[in-house]
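Here, each number is a calculation from the coordinates, and none is a lab measurement. Since this is a predicted model, take the numbers as computed values, not measurements. No Cβ is skipped: glycine too gets one built from the backbone with ideal geometry, and neighbour counts run over all protein chains shown.
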Amino acid sequence: MNAFTLKRRAVVLSAVIGASSMFVAGSRGVAHAQVATPMSGNAGHYRFRVGEINATILSDGVIGGPPRVYASDAPEAELQAVLRRAFLPSDHMTLNLNTLLIETGSRRILIEAGAGSTMGPNAGRIFENLAAIGLGPADIDAVVISHTHPDHVGNLRTAEGSKAFPRAAVFLPKADWDFFVRNDPDLSYMPVPEDFRVRFGAAIKRSLEPVTKDVELYEAGSEIVPGLTTIVASGHTPGMATFLVHSGTDQLLLTADLAYHPVVNVDNPWRPGPDRDKETALASRRRIFDRAAADRIPVLGFHFPFPGLGRMLKTDGGYAWVPAGWQF
Ligand SMILES: [Zn+2]
């Protein structure tokens, strides 16, 4: 990477954090795939089964930013052409927050907490979507987190500073806890100005403060609750895990932040800017995408367009994302 690209990247990203609304605003006058004018009142949850397990995707809303952030090594002209072909805006990429509730036996386990108010005003919807299926925060027995970035842990803290899920055991990867919480992390790998790094790091510590005393730290690679196995997927962060939900012969693979948006990180092989160790992240992505494609496992992408379910297809040059049809 030469000085020019470094400088350009810093400029692009400083534009992002200059105003938090830019993380969430839609496009301005650019033709894209949003069909007609949106209205409120659409479903924010989606129910299905994995064997005996009842599963519900609960949207926490959306975040986003300039496409360049999520496709750090894409040649600019190619990136713009890909966005145009996908009817996506050239200046903004929307990322969903697809948390997953699984009900197994008598336990309710939430996978990922969502962003809450840590990354702009269009997230923090998980509680209304939980209410829509007749549940409240006190009904959650456990919250399992893939990695401690703010968009995955933001909802753990109420506005008053208490535990948002008062009865829930919170499971976090130990390597992320050591890196982001127990120490003052060196976030210089994130191509953003220093004040953004400071706020990002502080949002993690602040979100996790209410659960500090009784957090359960895990190392990926084992079944942490019946029906939910953690899979080593480090690189994006030191401890990031992905998950396999399984019951009988049915499986669902969660890809966490191996990919942000299928258009740039699955259908095209571009690397997310926030990956801390880009080579390790790439190896994790290939290993887990290969498994999903070879075994034809249904996949849930945390940041993919809601509800985020589909399958990975292996292609000549890489992979393709095939969204699942909506089921009533
Ligand atoms: Zn994320």
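Taking 27 Å as the straight-line reach from the Cα of residue 205, the lysines in range (excluding those fewer than 8 positions away in the same chain) are 163, 174, 213, 278.
Residues whose amide H lies under 5 Å from that of residue 92, counting only those 5 or more places away or on a different chain, are absent; hydrogens are built 1.01 Å from N in the peptide plane.
Highest GNM mean-square fluctuation among 218, 70, 189, for the chain modelled with Cα contacts below 10 Å: 189. Couplings 3J(HN,Hα) of the range 228-244, computed from phi: 9, 10, 8, 10, 4, 8, 5, x, 4, 9, x, x, 4, 10, 10, 9, 10 Hz, in residue order, whole Hz [Karplus 6.51 cos²θ - 1.76 cosθ + 1.60, θ = phi - 60°; x for Gly and Pro].
Of all DSSP-defined beta bridges confined to the chain, some 80% are antiparallel rather than parallel. Applied to the range 208-214, the Karplus parametrisation 6.51 cos²θ - 1.76 cosθ + 1.60 on θ = phi - 60° returns per-residue 3J(HN,Hα) values of 8, 3, x, 9, 3, 5, 10 Hz, with x for Gly and Pro. A simple rule links phi to the HN-Hα coupling: the Karplus curve 6.51 cos²θ - 1.76 cosθ + 1.60 with θ = phi - 60°, which for the range 141-148 gives 8, 8, 10, 10, 10, 6, 7, 8 Hz, with x for Gly and Pro.
Starting from the amide H of residue 259, placed 1.01 Å from N in the peptide plane, find each other amide H under 5 Å away whose residue is 5 or more places distant or on another chain. Amide H to amide H, under 5 Å and 5 or more residues apart or across chains, residue 259 pairs with nothing.
Can you tell which of 127, 171, 304 shows the greatest fluctuation in a Gaussian network model of the chain with Cα springs below 10 Å? Residue with maximal mean-square fluctuation among 127, 171, 304: 127. Near the amide H of residue 123, within less than 5 Å, lie the amide hydrogens of 62, all on another chain or at least 5 residues away, with H placed in the peptide plane. Taken as Cα centroids, the range 201-224 and the range 36-110 sit 23 Å apart, rounded to the nearest whole angstrom.
Of 249, 230, 37, which has the largest mean-square fluctuation in a 10 Å C-alpha GNM of the chain? The residue that fluctuates most here is 37.
Across the chain, C-alpha contacts under 8 Å between residues 6 or more apart give a mean separation that, scaled by the residue count, equals a relative contact order of 17 percent. Taking trypsin sites (Lys or Arg not before Pro) in DSSP loop states with no more than 12 other Cβ atoms inside 10 Å as exposed sites, the chain has its longest site-free stretch at 29-166.
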